[in-house]
Each structure stands twice: as structure tokens, then as C-alpha cells.
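What follows is one structure encoded as C-alpha cells, with my remarks underneath.
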Amino acid sequence: MIRAARPAPRAPRRRARRSPRLPAGLPALIIGYGNDLRGDDAAGPRVAAAVAAWHLPGVAALGVGQLTPELAEPIAQARLVLFVDAGAVARLLVAPIRPAAHTSALGHTGDPGALLALAGAVYGACPPAWLITVPAAHFELGRALSPLAACGVAQATRSIHMLIRAGGRP
């Protein structure tokens, strides 16, 4: 009896790193960024996790270590984008963001304005955006959130809720 040779097993395909897929026409995207291992710098990702736990329809929250060009696609899919970061400020700051004049400095990491400009240039959509800066005091390795940052995280989540309900209007 002659047996047919079995084909050699294929090596698993490596998937290219892609931006997160979001539902089309997503009303709001929250991007909390910072280093989870550096004390108050974790405020942005913690705010994003708190918003994700709300399970609001049409609202997506991403906690990321840094802003990368891959985020331009989900930004372009949203109708409102809220960036959340920790900063050396005395109180919570909420400020509108405009697209940067150019994106040539955008490499592996970027800033909110550069990402907005990239979303507009590549995907033809640049939604209204706000930067929420959570007050922070300690950025040392391994520290928990300071009381200042913990209070700022709670304030930021309330501000995000109000901005979403107001459709991005102050």
C-alpha cells in the first residue's frame, strides 16, 4: 500500500503589531498613559482601567505605557479622545488639545498633539481631544500612588464622565 506523504507542518505565522480595533463611530476613546512601575506615573493607566470598568457602550479605554503611532487608527475612529497623564501640577488640569503642526518628530513614542495630527494625515479624521493631567508628586520605582495622585485619579474619572456626557464640550 502506498501512502501519500504528509505535508510538513507550517511554522506559526507571526502577526504584525497592529493598533487596537474599535467599533466604528466610537463616541469616546480614553487613553491613559504612564509607567505602572513608577508611582504616580501610573495615574493615567489607572484612570483608563477605572473607565473601562464602567462598561459604557461606545466608550473604550486603553491603558498604555507610552503613546505610539499605532494609536493613530483608534484615535481616528473616535468622535472624542481624552488623554490622561500624570504631571507635576498642583491640581487636576483639563485642557483642549490641537493637532501638532507637523508629525516629523513622531518616532516610537509621541505626544497627544502629534498623534492627532498623524490620525488626520493618515486616516483623514482628527476628533476633538482633551488632555487631563493628574497631579503627581512621586515617580520613584515601585511606589504606590501618593494621596495627591489617588485623589487626582478620582477627580479625573469624574471629569471624564462629565466630558463624555457633554459630548466633549466643557
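Scan the stretch 32-67 residue by residue and report those that are open to solvent by less than 40 Å² (accessible area, probe 1.4 Å), aliphatic (A, V, I, L, M) and in contact (Cβ under 8 Å) with a residue 60 or more places away in the chain.
Filtering the stretch 32-67 down to residues open to solvent by less than 40 Å² (accessible area, probe 1.4 Å) leaves 32-34, 39-45, 47-48, 50-51, 58-62, 64, 67.
Those still in the list that are aliphatic (A, V, I, L, M) too: 42-43, 47-48, 50-51, 59-62, 64, 67.
Scanning the stretch 32-67 gives A42, A43, V47, A50, V51, V59.
Could you tell me which residue of the stretch 130-146 is least open to solvent (accessible area, probe 1.4 Å), considering only residues that are part of a loop (DSSP other than H, G, I, E, B) and out of contact with any Ser or Thr (no Cβ under 9 Å at 6 or more places or on another chain)?
S146
Could you say whether any residue in the stretch 68-79 is more than 13 Å from G44 (Cβ to Cβ), open to solvent by 60 Å² or more (accessible area, probe 1.4 Å) and touching a helix residue (DSSP H, G or I) at 6+ places or on another chain (Cβ under 6 Å)?
Checking the stretch 68-79: not a single residue is more than 13 Å from G44 (Cβ to Cβ), open to solvent by 60 Å² or more (accessible area, probe 1.4 Å) and touching a helix residue (DSSP H, G or I) at 6+ places or on another chain (Cβ under 6 Å).
R169 passes all but one of (1) among the basic types (K, R); (2) surrounded by 14 or more Cβ atoms within 10 Å (Cβ to Cβ); (3) more than 15 Å from A43 (Cβ to Cβ); which number fails?
Every listed condition holds for R169 apart from (2).
Only one of A100, A53, A61 is closer than 23 Å to P170 by Cβ and modelled with pLDDT of 95 or more. Can you tell me which?
Values: A100 fails: modelled with pLDDT of 95 or more; A53 fails: closer than 23 Å to P170 by Cβ.
On inspection, the qualifying residue turns out to be A61.
The values are calculated or read from the model by the stated rules, or taken from the named source; none is laboratory data. Treat the numbers as computed from the prediction; the structure is a model and nothing was measured. Every residue, glycine among them, receives a Cβ derived from its backbone with ideal geometry; neighbour counts consider all protein chains shown. Protein only, heavy atoms only, side chains kept; ligands, DNA and RNA dropped before computing areas. Shrake-Rupley method; radii C 1.70, N 1.55, O 1.52, S 1.80 Å.
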